[in-house]
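Report on the following structure.
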Amino acid sequence: MQRTLVKDALNATSPADSILLQGWVRTRRDAKAFSFVELNDGSCLKGMQIVVDASLPDYPAVARAHTGAAIEVNGKLVDSKGAGQKWEVVATSFKVTGEADGTYPLQKKGHTLEFLREIAHLRPRSNLFGAVFRVRSRLAYAVHQFFQERGFHYVHPPIITASDAEGAGEMFRVTTLDVGNPPRTADGKGVDHTQDFFGRKTFLTVSGQLEAEIFACALSNVYTFGPTFRAENSNTSRHAAEFWMIEPEVAFCDLHGDMDLAEAFVKYLLRDVKTHCAADLEFFGKFVDKDLAARLDFVLEKPFVRCSYTEAVEILAQSGQTWEHPVAWGDNLQAEHERYLTEEHFKCPVTVYNYPRAIKAFYMRVNEPDAQGRETVAAMDLLVPGIGEIIGGSQREERLDVLRESMAKHHLDEKAYWWYLDLRRYGSVPHAGFGLGFERMLMFATGVANIRDVIPFARTPGTAEF
Ligand code: 4AD
Ligand code: MG
């Protein structure tokens, strides 16, 4: 007999004489003549109430169906007399396929998130994490849907790379050399990387952007969606060493087109989750962030504010706030500034654009100097309440001479980026793109406050247990 998922059984339009459910026991309550078992199979937030009559030949097995045990139930789907559910299943057979004893850690409700991180192998069976990972799955699907509907092609940049896409040096090394006793260069001073697996120094990628640019300059509209790695030792609620990023790249597009795409993308994802994960979002609204539904509606209805970096610095200077990091033109915006702009000043998502050239990556397109001769690049960051930056992007420098000058300013070796420079030698076009941190988007969509709780197995400094 074919298994029915709880989600489909709960959505049934008519009773059924015989269905098979398989899942895990959430709770059990024994009365004199029968037992109630709540079966959850992760297909949706809710479980199915199973009624097992004491006269059933399989009834003795119910005594072994403790919280956490795996069970298999055949039965009739009937109208439920209980409150809170339309259907219940009256068992005709009941089997425990995997027992769980009193040491099962998810016995009661109300575990802390910190404790649940320590049992990352079991936390998907809790209500909260079941909901998080269903939303994560749906959101990933919506990412593809958004781009595929618009004629974007999905490209797969390499995970192992020899180049630093951000030029920030925050990369994990990849090597098969014996790190305790590596081969030495002729002068004995350095490590001889020509003897390493790839014949050179290699790393885990920090971004697929440079490769996406290659493909945009051939297929026009592309996007990546994959894991990226950063060895930045920042132990915050918004940084992970391994996270997923979506990076669209568009040929014949400028910064304004890029900001339009970013706004449409964020709204599309939120709308999709609202439509397809309603029950899970309701759960987050109740137990995680009571303002969630109102915030999502607000974000969906209003256009995002756009504000140049120069304007942003003026707003911050005139805010009357005392900053931990005082900000003057030329400084990087810190999290406190970003959050002030989006949470206090504009009270909505804000795209800040045209940042000082000196604080941004080498590949960003250089703007005309402003009236005071200050240099900016066509960069943008999308900031949202509660999180800060969820998107970083830019128009790319398509002029060979300007790009070479920027690389020199960043002390980058042209030889290592020869193929990137070639894109400007052969058929160069204005192009732009951005990166959305998938986990940050999930935090925004669910209200979950720590990045460790929206990724199945968080990689943060000192943590790689599971
Ligand atoms: O702003 P970032 O560093 O931009 C890039 O990597 C560009 N190559 C993107 C592009 O233009 N194609 O990163 C983009 C986004 C950030 O806005 C943030 O949401 C996320 O990636 N992100 C992180 N998420 C979690 N943990 C980290 N350590 C992150 N670093 C960046
Ligand atoms: Mg950024």
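The values are calculated or read from the model by the stated rules, or taken from the named source; none is laboratory data. Note that the structure is a prediction, hence the values are computed from the model and not measured. Virtual Cβ from ideal backbone geometry, glycine too; neighbours counted across all protein chains shown.
Scanning region 221-252 for residues that are in contact with a helix residue (DSSP H, G or I) (Cβ under 8 Å, 6 or more places away or on another chain), assigned to a loop (DSSP other than H, G, I, E, B) and near ligand 1 (Cβ under 8 Å from one of its atoms) yields Arg238, His239, Ala240. Test Val266 against the stated conditions and say whether it is part of a helix (DSSP H, G or I), at pLDDT 95 or above and in contact with a helix residue (DSSP H, G or I) (Cβ under 6 Å, 6 or more places away or on another chain). So Val266 does not fit the description; no.
When Tyr417, Tyr355 are screened for being of a type in the set (Phe, Trp, Tyr) and more than 16 Å from ligand 2 (Cβ to nearest atom), only Tyr417 passes. Residues in region 373-391 that are among the charged types (D, E, K, R) and within 13 Å of ligand 2 (Cβ to nearest atom): Asp381, Glu389. For the residues Phe298, Phe284, the requirement of being exposed (fewer than 15 other Cβ atoms within 10 Å of the Cβ), among the aromatic types (Phe, Trp, Tyr) and in a helix (DSSP H, G or I) singles out Phe298.
Residue-wise test of (1) more than 16 Å from ligand 2 (Cβ to nearest atom); (2) of a type in the set (Ser, Thr, Tyr).
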site: Ile214; (1), (2): yes, no
site: Cys217; (1), (2): yes, no
site: Ser220; (1), (2): yes, yes
site: Phe225; (1), (2): yes, no
site: Arg230; (1), (2): no, no
site: Ser237; (1), (2): yes, yes
site: Trp244; (1), (2): no, no
site: Ala251; (1), (2): yes, no
site: Gly257; (1), (2): yes, no
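When you check Glu343 against the structure, is it surrounded by fewer than 21 Cβ atoms within 10 Å (Cβ to Cβ), away from ligand 2 (no atom under 16 Å from the Cβ) and modelled with pLDDT under 95, yes or no? Judged against the criteria, Glu343 is a match. Kindly establish whether Phe147 is outside any strand (DSSP E or B) and within 16 Å of ligand 1 (Cβ to nearest atom). Criteria met by Phe147. Taking the conditions (1) within 30 Å of Ala458 (Cα to Cα); (2) surrounded by fewer than 18 Cβ atoms within 10 Å (Cβ to Cβ); (3) among the charged types (D, E, K, R) in turn, Asp41 satisfies each one other than (2). Among the residues making up region 306-339, those that are in a helix (DSSP H, G or I) and in contact with a helix residue (DSSP H, G or I) (Cβ under 7 Å, 6 or more places away or on another chain) are Ala312, Ile315, Leu316, His337. Listed by first and then second residue, the pairs linking a residue in region 145-173 that is at positive phi to a residue that is at pLDDT 95 or above and crowded, with 18+ Cβ neighbours inside 10 Å, with Cβ atoms under 9 Å apart and 6 or more places separating them unless they lie on different chains, are Gly151/Asn221; Gly167/Ala361; Gly167/Phe362; Gly167/Tyr363; Gly167/Met407. Would you check if Asp370 is among the acidic types (Asp, Glu), away from ligand 2 (no atom under 16 Å from the Cβ) and closer than 30 Å to Thr202 by Cα? So Asp370 does not fit the description; no. Close contacts from region 415-438, counting a first residue that is under 22 Å from Phe152 (Cβ atoms) and a second that is away from ligand 1 (no atom under 15 Å from the Cβ), with Cβ to Cβ under 8 Å and a gap of 6+ residues or different chains, come to Ser428/Arg399; Ser428/Leu400; Val429/Phe252; Pro430/Phe252; His431/Phe252; Phe438/Ala140.
From Ser394, Ser308, grab the single residue that is away from ligand 2 (no atom under 16 Å from the Cβ), under 28 Å from the mean Cα position of the chain (by Cα) and closer than 30 Å to Leu423 by Cα.
Values: Ser394 fails: away from ligand 2 (no atom under 16 Å from the Cβ).
Answer to the check: Ser308.
Only one of Pro385, Pro369 is crowded, with 18+ Cβ neighbours inside 10 Å and farther than 22 Å from Tyr223 by Cα; which? Matching residue, one of Pro385, Pro369: Pro385. Scanning region 194-220 for residues that are in contact (Cβ under 8 Å) with a residue 40 or more places away in the chain, closer than 25 Å to Thr175 by Cα and part of a helix (DSSP H, G or I) gives Gln209, Leu210, Glu211, Ala212. Hey, does region 15-38 have a residue that's of a type in the set (A, V, I, L, M, F, W, C), within 14 Å of Leu77 (Cβ to Cβ) and out of contact with any Ser or Thr (no Cβ under 9 Å at 6 or more places or on another chain)? Looking for residues that are of a type in the set (A, V, I, L, M, F, W, C), within 14 Å of Leu77 (Cβ to Cβ) and out of contact with any Ser or Thr (no Cβ under 9 Å at 6 or more places or on another chain), one finds none in region 15-38, hence no.
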